[in-house]
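S.K.: Mind looking over this structure? Questions follow.
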Amino acid sequence: MRIAVTGASGNVGSALVDRLVDDGHEVVGIVRRPPDDDRLDWHRVDLTDEAQVPDLERSVQGADAVVHLAWGFQPSHRIDHLRALGVDGTRRVAEAAVRAGVPHLVHQSSVGAYSPRRDMSPVREDHPTDGVESSPYSRHKAAAEKLLDEYDGRLTVTRMRPGIIGQRRAAGGLLRYAVPLLVPGRLLTWLPVLPLDDVVQLSMVHADDVADAIARVLDRKTGGAFNLTAGSVDADEIADVLGARRVAVPMPVLRAAASATWHLRLQQVDPGWVDLARHAPVIDASRAGQELGWTPRRSAREVLEEVVDSMVHGDAGDSAALRRRTVPREIGSLLRRGPVSRRVRP
């Protein structure tokens, strides 16, 4: 098959490209900054730019399916830009697929699209998808899912809803997204204490396992929604992997600290992520197992351990999105282009 993939150079994209190429598919990579990888037919497209819609339509022409992975986590102080990419960009991709006659769209949604949990019982795909209102990421994931309802019937739409996705070569991106500028990755396991509320329980899954699920969906041309998780990690496990002693701190206190430091530009993670950690449900991936024959090969704890180890050791991928993150390089970018939380990358 000929498969077009937006965000093909990112965390999930890099894993999916490896899988699709190994399976013998022809892959078209749609990104803003094409890497040096001659396995793919690369197309440079910015999904936030309406003027580039004709380029997007040409990129998906003749494809048997489009896998839409592109999304933004920064700049967190530019919510308008994040919405332009995540929500408006999703509409542009769906429209391009319809106009080009592509029969199948696989959209990378998230556990973040779900409405707040009622309790700690794992939820299935029929749980409401109205998002967590105070989280921009969650609002945008829910809005992107809702707009795709307009395309059901015009093409087969598949919604993948994974938990937190990790892999070794995504360390550089994760450090840029989530760790303050002046903190080297190697210090992550030197934390003496970790303040976390007892309610924290995060669904996690490896990028290779997400790629496997997407490959199975493409082969079967299956529509609908699929949760993807290898289980969850709780607050004590997170502290244990980091080698820290956990101190129970209520979520409202953590949110206040996140909000203050974010507004002061001391760190780049907006307080909506604390709300998402508090309210996002634990998910049940049994449908993927039953309908796709999907079984994750790594547990949630193994994913977390790999992510932390890769961040400590400075691992990286080959693309601009997955490049190595170092403190001197980040300081240089700060001086040239401003903080990552305000910066719109070219």
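S.K.: In the range 296-344, which residues are part of a helix (DSSP H, G or I) and modelled with pLDDT under 80?
M.R.: The answer is 327, 328, 329, 330, 331, 332, 333, 334, 335, 336, 337.
S.K.: Follow-up. I'm trying to understand the selection: among the residues of the range 1-18, which are surrounded by 19 or more Cβ atoms within 10 Å (Cβ to Cβ) and either among the hydroxyl-bearing types (Ser, Thr, Tyr) or not in a loop (DSSP other than H, G, I, E, B) (or both)? Full working, then the answer.
M.R.: Of the range 1-18, the ones surrounded by 19 or more Cβ atoms within 10 Å (Cβ to Cβ) are 3-17.
3, 4, 5, 6, 9, 11, 12, 13, 14, 15, 16, 17, listed by residue number.
S.K.: Pick from the range 94-153 the residues that are of a type in the set (Asp, Glu) and touching a Ser or Thr at 6+ places or on another chain (Cβ under 6 Å): which of them is farthest from residue 6 (Cα to Cα)?
M.R.: 130
S.K.: Restricting attention to the range 136-166, which residues are surrounded by fewer than 22 Cβ atoms within 10 Å (Cβ to Cβ), of a type in the set (Gly, Ala, Ser) and over 21 Å from residue 64 (Cα atoms)?
M.R.: 143
S.K.: Working carefully through the options 109, 121, 134, find the one that is more than 23 Å from residue 286 (Cα to Cα) and of a type outside the set (D, E, K, R).
M.R.: One residue alone meets the criteria, 134.
S.K.: Sticking with this structure for a sec: What are the residues in the range 94-116 that are more than 20 Å from the chain's Cα centre (by Cα), of a type outside the set (A, V, I, L, M, F, W, C), assigned to a loop (DSSP other than H, G, I, E, B) and over 16 Å from residue 224 (Cβ atoms), if any?
M.R.: Within the range 94-116, 101 is the sole residue that qualifies.
S.K.: If you don't mind, another one. For the range 239-257, indicate whether the set of residues that are touching a helix residue (DSSP H, G or I) at 6+ places or on another chain (Cβ under 7 Å) and under 14 Å from residue 303 (Cα atoms) is non-empty.
M.R.: Of the range 239-257, the ones touching a helix residue (DSSP H, G or I) at 6+ places or on another chain (Cβ under 7 Å) are 241-243, 245-246, 251, 254-255.
So of that shortlist, the ones also under 14 Å from residue 303 (Cα atoms) come out as 241-242.
Yes, there is a match, as at least one residue in the range 239-257 is touching a helix residue (DSSP H, G or I) at 6+ places or on another chain (Cβ under 7 Å) and under 14 Å from residue 303 (Cα atoms).
S.K.: Also, quick follow-up: Residues in the range 256-269: is at least one within 18 Å of the chain's Cα centre (by Cα) and modelled with pLDDT under 95?
M.R.: Initial filter on the range 256-269 (within 18 Å of the chain's Cα centre (by Cα)): 268-269.
In the following step, the residues that additionally are modelled with pLDDT under 95 were identified as 268-269.
Yes, the conditions are met somewhere in the range 256-269.
S.K.: If we keep just the residues of the range 180-205 that are in a loop (DSSP other than H, G, I, E, B) and at pLDDT below 85, which is farthest from residue 16 (Cα to Cα)?
M.R.: Here the residue is 182.
S.K.: Let me ask another. Determine whether residue 36 is in contact (Cβ under 8 Å) with a residue 60 or more places away in the chain and in a loop (DSSP other than H, G, I, E, B). Spell out the reasoning first.
M.R.: Working: in contact (Cβ under 8 Å) with a residue 60 or more places away in the chain: yes; in a loop (DSSP other than H, G, I, E, B): yes.
Yes, satisfied.
S.K.: Which residues, counting only those in the range 137-168, are at pLDDT 95 or above, small (Gly, Ala, Ser) and closer than 21 Å to residue 218 by Cα?
M.R.: Those that are at pLDDT 95 or above, small (Gly, Ala, Ser) and closer than 21 Å to residue 218 by Cα: 144, 163.
S.K.: Among the residues of the range 224-246 satisfying the criterion of being of a type in the set (Gly, Ala, Ser) and crowded, with 18+ Cβ neighbours inside 10 Å, which is farthest from the chain's Cα centre (by Cα)?
M.R.: Selected residue: 244.
The values are calculated or read from the model by the stated rules, or taken from the named source; none is laboratory data. Model, not experiment: these values are computed from the prediction. Positions of Cβ are backbone-derived with ideal geometry, glycine not excepted, and every protein chain shown enters the neighbour counts.
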